[in-house]
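The structure appears below as structure tokens.
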Amino acid sequence: MSSTAWLTVFVLAVFLGFEVISKVSSILHTPLMSGANAVHGVILVGAIIATGSTTDNVQLALGLLAIVMATVNMVGGFTVTDRMLGMFAKPKRAPGDPGASGTSGSAAGPSASTSSSSSGEAGK
């Protein structure tokens, strides 16, 4: 395949990818990114295989650049997906937090002292 054909395929893939991604609603971005991360893993393996079969130094340099870029893209995708999923996680509460379970002892403290002081005043 000639370099003009490769460039044409690349440009068409960029335009197609942009059109597909821009039409996705915001609620579907996390599942879409999870699927994209799997695709990026396949792209990384393909870049490794293609680079391993090169004989020219220019092809080797371009292959190594493709491997680095695919790795950064895949790791960044997993990082962003993890942060997005973290936004939907329930917040963890500290043991002394009033909303946390098992803190009934701290709530009983003030009411017990109030009831003992009020019963002492009632006896006077």
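The values are calculated or read from the model by the stated rules, or taken from the named source; none is laboratory data. Owing to the predicted nature of the structure, the values given are computational and were not obtained by experimental measurement. No Cβ is skipped: glycine too gets one built from the backbone with ideal geometry, and neighbour counts run over all protein chains shown. Accessible surface areas use protein heavy atoms only, side chains included; no ligands, DNA or RNA. Shrake-Rupley method; radii C 1.70, N 1.55, O 1.52, S 1.80 Å.
Hey, any hits in the range 101-121 for a residue that's at pLDDT 80 or above, assigned to a helix (DSSP H, G or I), open to solvent by 60 Å² or more (accessible area, probe 1.4 Å) and out of contact with any helix residue (DSSP H, G or I) (no Cβ under 7 Å at 6 or more places or on another chain)?
no
For L85, state whether it is open to solvent by 50 Å² or more (accessible area, probe 1.4 Å), free of Cβ contacts under 8 Å to residues at least 24 places away in the same chain and in a helix (DSSP H, G or I).
Against the criterion (open to solvent by 50 Å² or more (accessible area, probe 1.4 Å), free of Cβ contacts under 8 Å to residues at least 24 places away in the same chain and in a helix (DSSP H, G or I)), L85 does not qualify.
Checking F78 against (1) of a type outside the set (V, I, T); (2) touching a residue at least 24 places away in the same chain (Cβ under 8 Å); (3) open to solvent by less than 90 Å² (accessible area, probe 1.4 Å): exactly one of these is not met. Which one?
(3) is the only condition that F78 fails.
I want to confirm something. Restricting to the range 1-27 and keeping residues that are in a helix (DSSP H, G or I) and among the polar types (S, T, N, Q), which single residue is farthest from I43 (Cα to Cα)?
Filtering the range 1-27 for residues that are in a helix (DSSP H, G or I) and among the polar types (S, T, N, Q), the one farthest from I43 (Cα to Cα) comes out as S26.
Considering only the range 12-63, state which residues are farther than 22 Å from G77 by Cα and either within 24 Å of the chain's Cα centre (by Cα) or among the polar types (S, T, N, Q) (or both).
Of everything in the range 12-63, those that are farther than 22 Å from G77 by Cα and either within 24 Å of the chain's Cα centre (by Cα) or among the polar types (S, T, N, Q) (or both) turn out to be T51, S53, T54, T55, N57, Q59.
Restrict the check to the range 27-46 and report whether at least one residue is open to solvent by 60 Å² or more (accessible area, probe 1.4 Å), more than 18 Å from D82 (Cβ to Cβ) and in contact (Cβ under 8 Å) with a residue 12 or more places away in the chain.
Yes.
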